[in-house]
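Here the structure comes first, spelled out in structure tokens, and everything after it is commentary.
The values are calculated or read from the model by the stated rules, or taken from the named source; none is laboratory data. Predicted, not measured: the structure shown is a model, and the values here were computed from it. Don't worry about glycine lacking a Cβ; one is built from the backbone with ideal geometry, like all the others, and counts go over all protein chains shown. These area figures cover heavy atoms from the full protein model, side chains too; ligands, DNA and RNA do not enter into them. Shrake-Rupley method; radii C 1.70, N 1.55, O 1.52, S 1.80 Å.
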Amino acid sequence: MIESSAPVLLVRPDLRNTTDLLAERVRLHPEHVAFQVRRGEAWRDVTTREFGDEVVRLARGLLAAGVGAGDAVVVMAATRYEWTVADLAAWCAGGVVVPIYPTSSVVQAAAILADAAPVLAIVGGSAEREVVRMAGERAGRGPLPIWSMDPQPGEDLAALAARGADVADAAVEERRQLAGPDDVASIVYTSGATGEAKGVLVTHGNLVREVLQVAAAYPEVVNDRASTVVFLPLSHVLARALQLLAIATGMRAAHVSDTSGVVPALAEVRPTFLVVVPRVLQKIQGAALAKAEEKGLGRPFRAATDAAIAWGRYLEERDETGVARASLGLRARRWFFDRLFYARLRRLMGGRVEYLLSGAAPLEAHLSLFFRGIGIPVIEGYGLTETTAPCTGNRPGAIRSGTVGPPIPGATIRIAHDGEVLVRGVGVTPGYRDPAQNEDAFVDGFFRTGDLGTLDEKGRLRLKGRVKDIIVTAGGKNVAPGPWESFVEADPMVAHAV
């Protein structure tokens with residue numbers, strides 16, 4: 001198979017931009033808890049109405065500060081609730097959000113400021129403030145107004161919101177409705193394959209259509225009874241799409257800035273769904289093995305790992321064929337190890353996680369099978385900044401480890417003659433900020449991902465490496481090193497293989 005498509009499941013022409021998702025939710029479910037926010041030692045519930053009010057107050061401040069329709073607003077901060085408020089407020093003010101990774105150097109930040117020409121910056125705290133200040137000088141853009149999420153008298157978000165006290169809500173409402181589906185919502189800078197910074201244009205239509213299709217494809221995962229903890233960087237499009245999905249569907253979200261605080265947060269918030277990268281799953285499994293070995297249970301845990309993988313494989317075959325059977329021995333081992341190990345791992349993740357979504361890097365099949373076997377299925381997906389997060393994803397009840405699933409609704413995956421994965425669909429960017437960078441990025445209306453892959457008989461994508469990494473031997477044979485590198489990196493003693 002060289003091409004696989006999935007039809008659009010939901011069309012909402014009345015939702016023209018990202019702020020319409022929030023406005024609809026505020027109108028229909030104002031008292032629903034939208035976020036849990038850490039304040040001191042406790043988590044506080046924030047309703048949709050309260051969140052919407054915060055967004056409007058900050059949007060009024062942005063208007064008073066001179067943000068015009070189409071103006072760029074930089075956000076540089078670690079993942080936190082205020083990031084989400086700033087994101088939606090900038091959109092309500094008609095702005096274009098430009099995220100900067102919180103650990104970016106002055107040189108990296110200066111390149112973004114020079115290209116995006118923002119009128120205002122919102123930062124997390126003093127460290128990011130200094131980086132943006134120095135970057136602004138280096139970029140030669142002149143003094144840039146900088147507002148802080150951390151309390152800073154006269155220079156924080158509370159002060160910015162106060163500047164808009166005389167701006168009418170009607171002015172915000174008028175401004176937020178200006179953007180249409182084809183207008184740019186965000187410019188996300190990515191290094192790409194060559195290391196050259198590229199400003200990816202993400203439109204309001206990209207984000208809205210992506211949210212609608214993912215929500216329609218995964219109703220058992222994202223709904224108003226679900227909850228999640230967001231700890232991936234909000235400077236990446238995946239985390240921002242996730243929080244917009246949460247706002248649109250009523251899924252409760254909590255933010256964690258420091259990854260060391262994730263495990264305690266899971267125990268307190270008890271989410272039903274998490275978006276992770278494969279390294280997180282590797283660490284969870286590795287930490288469990290290390291703790292078992294400390295207690296002299298290393299050998300039983302390895303046996304439990306084998307049993308979980310076997311059980312995960314059985315569940316996949318049952319879903320695939322409907323006729324798979326598990327032996328009495330496997331059932332007994334699964335029952336025994338569930339009480340000895342698996343239940344404890346589920347409790348470590350809060351005890352209520354029903355699904356994990358893994359993306360950003362290839363996930364080893366054995367790791368996916370292990371988590372499926374302990375009772376937490378992993379939905380592996382695939383996407384890029386240029387596809388506005390996922391363009392493929394396995395579905396609950398039809399997970400196939402080792403693949404990243406079929407196209408999401410509204411997307412088409414094509415395999416080029418040289419094996420490159422091409423994508424067309426609802427989330428695909430209209431292009432880069434620099435038009436010259438579009439010349440080699442598209443072919444026949446498809447975006448060139450730079451990844452190698454194949455499609456199985458059910459249209460599921462299996463990744464095989466990067467086009468740029470192909471090694472051509474003296475005999476003319478093309479070798480993709482990705483599978484070998486993944487195999488070697490599966491060893492806990494190896495971090496990276498080349």
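Largest first, the residues Trp43, Trp91 sort by 1.4 Å accessible area into Trp43, Trp91. Length gained on full extension, Trp484 to Val262, computed as 0.36 nm times the residue gap minus the Cα-Cα distance: 76.8 nm. Spin-label model, Glu439 to Arg225: label points 7 Å out along the Cα-to-beta-carbon direction sit 5.5 nm apart. Would you list which lysines come within 17 Å of Lys477, measuring only between C-alpha atoms, while excluding same-chain residues fewer than 8 positions from it? Cα-Cα hits under 17 Å: Lys464, Lys468.
Rolling a 1.4 angstrom probe over the protein heavy atoms with all chains in place gives the stretch 323-375 an accessible area of 52 Å² per residue. When peptides 152-158, 117-123 are sorted by average Cβ neighbour count within 10 Å, with the highest value leading, the order is 117-123, 152-158. Cys92 sits with roughly 10 Å² accessible to a 1.4 Å probe, with DNA, RNA and ligands left out of the calculation. Placing a label point 7 Å from the Cα of Leu28 along the Cα-to-Cβ line, the residues of the stretch 218-255 whose backbone N sits under 11 Å from it are 224, 248-250. Rolling a 1.4 angstrom probe over the stretch 18-116 with all protein chains present gives an accessible area of which 51% lies on carbon and sulfur atoms. With the simple spin-label model, which puts each label point 7 Å out from Cα in the Cβ direction, the Arg325 to Asp45 separation comes to 4.9 nm. Ranked by solvent-accessible area (1.4 Å probe, protein heavy atoms only, all chains present), the residues Arg372, Arg12 order from largest to smallest as Arg12, Arg372. Taking a ≥ b ≥ c as the square roots of the eigenvalues of the Cα gyration tensor, the stretch 116-267 is classed as rounded, since a/c falls below 1.5.
With all protein chains in place and a 1.4 Å probe, the accessible surface of the stretch 324-475 carries 54 percent carbon and sulfur.
Placing Phe336, Phe370 in order of accessible area, with the largest value first and a 1.4 Å probe, yields Phe336, Phe370. Extension gain, Glu317 to Leu340: 0.36 nm times the residue separation minus the Cα-Cα distance gives 5.7 nm. At the residue level, Ser126 shows approximately 100 square angstrom of accessible surface with a 1.4 angstrom probe and all protein chains present. Per residue, the solvent-accessible area of the stretch 28-67 (1.4 Å probe, heavy atoms of protein chains only, all protein chains present) comes to 47 Å².
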